[in-house]
1. Taking every DSSP beta bridge that has both residues in the protein assembly as shown, what percent is antiparallel when rounded to the nearest 5?
2. Cα centroids of the stretch B:186-220 and the stretch A:171-200: how far apart, whole angstrom?
3. What spacing in nm lies between the two simple spin-label points modelled at A:Ser90 and A:Thr120, each 7 Å away from Cα in the Cβ direction?
4. Which trypsin sites (Lys or Arg not before Pro) from the stretch B:129-205 combine a DSSP loop assignment with at most 16 other Cβ atoms within 10 Å?
5. Using a probe of 1.4 angstrom, how much of the accessible area of the protein assembly as shown is carbon and sulfur, in percent?
6. Hey, got the average number of other protein chain Cβ atoms within 10 angstrom for residues in A:302-314?
7. How would you classify the stretch A:5-52 from its alpha-carbon gyration tensor, with a ≥ b ≥ c the square roots of the eigenvalues: rounded for a/c under 1.5, else prolate if a/b is greater than b/c, otherwise oblate?
8. Report the trypsin sites (Lys or Arg not before Pro) located in the stretch B:233-285 that are in a DSSP loop and have at most 16 other Cβ atoms inside 10 Å of their Cβ, or state none.
Amino acid sequence: MEYLEFELPIKELEDQLQKCKIIGEESEVDVTETCQQIEKKLAAAQKDIYKNLTAWQRVQLSRHPERPYTLDHIRAICGDSFLELHGDRSFKDDKAMIGGLGKIGDQSFMFIGQQKGFNTKTRQYRNFGMANPEGYRKALRLMKSAEKFGIPVVTLLDTPGAYPGLEAEERGQGEAIARNILEMTRLKVPVITIVIGEGASGGALGIGVGDRVLMLENTWYSVISPESCSSILWRSWEYKEQAAEALKLTAVDMKKLKLVDDIIKEPLGGAHRDRDKTFKAVSDAIVKSYETLKNLSPEDLVSQRMEKYANMGVYKG
Amino acid sequence: MSWFKRKTAGITTTTEEKKDTPKGLWYKSPTGKIVDTEELEKNFYVSPEDGYHVRIGSKEYFEILFDDNKFKELDKNLESKDPLKFEDTKKYPERLKVAQDKTKLKDAVRTAVGKSKGKDLVVACMDFAFIGGSMGSVVGEKIARAADYSLKNNIPLMVISKSGGARMMEAALSLMQLAKTSVKLAQLSDAKIPYISLCTDPTTGGTTASFAMLGDINISEPGALIGFAGPRIVRDTTGKELPEGFQTSEFLLEHGFLDFITLRKDLKDKVNQYIDLITNQPLRS
C-alpha cells in the first residue's frame, strides 16, 4: 500500500499495530490491551484525517497510484459480459480512450472512458489518460452506435486533460471535443456520467455531458488543474493548494454549485482502500440512475438534458 | 566652428509649449511597418503596408458587418458575479472592475442584431481586451441568448471568437458554458438556421473546444492563431520545436478545419454570399 504524505500518521500507527500483533504471536507477552489502544488511536487518526480532507488532499487521492481505473471498474461491474470495441474508423485506435459493451443484470450499457496505466510501461501505452482527437471520435462513434440500438451510455471520466500535442492540434483536438459536446447534448439515449478520478477541463467534458452526472467522493472536476491554475494566476507552481481551494473543484463543492447531481461515497481512506466496495457503489449508482431515466421518451430525455445545461451559469442583470 | 551652440543651459521650453505627438496617431505592425491610424481605420484595420490584420473588438466588427453601423444590442446589461468568491493574487470582482474601467465594456462579448447587406443578422463578438476574451457565465449566457434570438426570429447567427479560453475565476461554471452554448447550437442546427463561426486572432482553449469549431462554416482571417492548447503548452509538453506557421489560420485550413480564410475587407460580402447560397436565396450584390 502506498501512502500519501498526509497519511503518514496513519501508516505509522498501522506499522505499530502490525508489530504489536507480531510480538503477541511470537512471545508470551499479553499485548491485547496495547493492540487495542493502538487500534483506537488508529481509528481516531483515520477519522481525523479522512473526515477533514482539504481540496488538495482530495486531488492527491484522485491520483493515487493504486486507485481503480476505468477498465478496473468495467471489468468488476460487467464481468465476462464486457466486450471491448476499438477504433475511430478514420485514423487509429486511441489507447487513452476505451469503450465497449457490457451488462449489468439484464441491461446492456455502452461504456466509454479515459484509461490510465498502472506502471511506467502501461502509463506510456495509455498516454497517461490523455486522449487525442481520435479518442474523442472513437467515443462519439460508440455513442452514436449505442443511440442507433437504444443502448444507454455510461461514461467514466478520469483524465488530466486532452493531450496538448502537435499532432493532436493538426488533427483538430478542439473540433473533436466540441463535436462530442454538441452531439452529447442531443443524444437520444440515457447518458450517465461518473467522475472516477480526475475531471480536467474540456478533455473530461468531451465525454461528460450527461443526464445524470455523478462524482466519486475523492475526485475533482474543473476547468483547469490546480497546478496549471497556480502557474498562470500566481506565476508559480507553489500555490497549488490555494488554487485547489479557490477552484471549488471537489465533489461537495460541485454538488453545491449544482454542476453535478450526486456524490458516490468511497470507503474510508479512498476508493483503493476497498476496491470491491467501490465497484459495488459505482454499479449501484449506475443502476439507480438508469432507473430514473429509462422510462423517459427520447424527446423528454433530450429536452431535460438541454434544459439542465442551459441553466448552468451565474450572472446578474 | 561648432555648429551647435546652446545659448542658455538646460531645457527652457515649458511643458505646455512642448510639441507632443498625440497618442494613437501611428500604429506599428509586428513586422515593424508604421501606419497612420486614420489610414488603418479606412482600410478595415488592416495594415496597407503588409496586410497585417490588427486585433479589433466588437465595436469595429459591428461597424464592418452592420449596414451604416446600425444595430440593436442584445442583453447589454448582463454582468459577471463572483459565485466562487475567487481570489488569487487579486480578488475576481477587482479584476472585473479594472477590466470594465479600462475597456468600458461589461464583459468579454457583445451581441447584436442588425441589417447586413439589407438582411437581418445576429452577431456575437468577443472582446479580447476584457480579461483575454475569457468565457465565463456571462459570455456563455449572452451567446446562448443570441442563439435563442436567432432561433425565435429565424435569423442566421454569426459568432466572432477572440478568446484565450474559459475564465479560470469561474472554474467549473466556465467549463459548463461549453455545454451550454453547444445546447443552443444543436437547437439552431436542428432548426436549420445557418451558423457562421469566425475565428479571429487568437481563438484558443474552451472557445475552440466549443462554438468556434461548430459552425456550418468555420472561417478566419489571415494569420490568426487558432488552437486548443496554446503553442507554449504544446512546446512545453512535447519538447518539440513547433513548425513554422503552426496553429495559424492557414495551418487549420490546410488540415481541414476551416472552410476558407477571408480578408477583412471581404468579410461582409463573403458571409452574406454564403448565407444566400446555403438558404437558396438570390445573391445580393
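1. Counting DSSP beta bridges with both partners in the protein assembly as shown, the antiparallel share is about 45 percent.
2. Answer, in whole Å: 17.
3. 3.7
4. B:Lys192
5. On the way: 13990 of 27810 Å².
Answer for the protein assembly as shown: carbon and sulfur cover 50 percent of the accessible area.
6. On the way: counts 3, 1, 0, 2, 7, 1, 4, 11, 10, 4, 12, 16, 11.
Neighbouring Cβ atoms belonging to other protein chains average 6 per residue here.
7. Details: a/c = 5.38, a/b = 2.22, b/c = 2.42.
In terms of gyration-tensor shape, oblate.
8. Numbers: sites: B:Arg235, B:Lys240, B:Arg264, B:Lys265, B:Lys268, B:Lys270, B:Arg284; in loops: B:Lys240, B:Arg284.
Counting only loop positions with at most 16 other Cβ atoms within 10 Å, the trypsin sites (Lys or Arg not before Pro) in the stretch B:233-285 are B:Lys240, B:Arg284.
The values are calculated or read from the model by the stated rules, or taken from the named source; none is laboratory data. All values derive from a computational prediction rather than experimental measurement. Cβ coordinates were reconstructed from backbone atoms using ideal geometry, including for glycine residues, and neighbour counts include every protein chain displayed. What goes into the accessible areas is simple: the full protein's heavy atoms, side chains included, and nothing from ligands, DNA or RNA. Shrake-Rupley method; radii C 1.70, N 1.55, O 1.52, S 1.80 Å.
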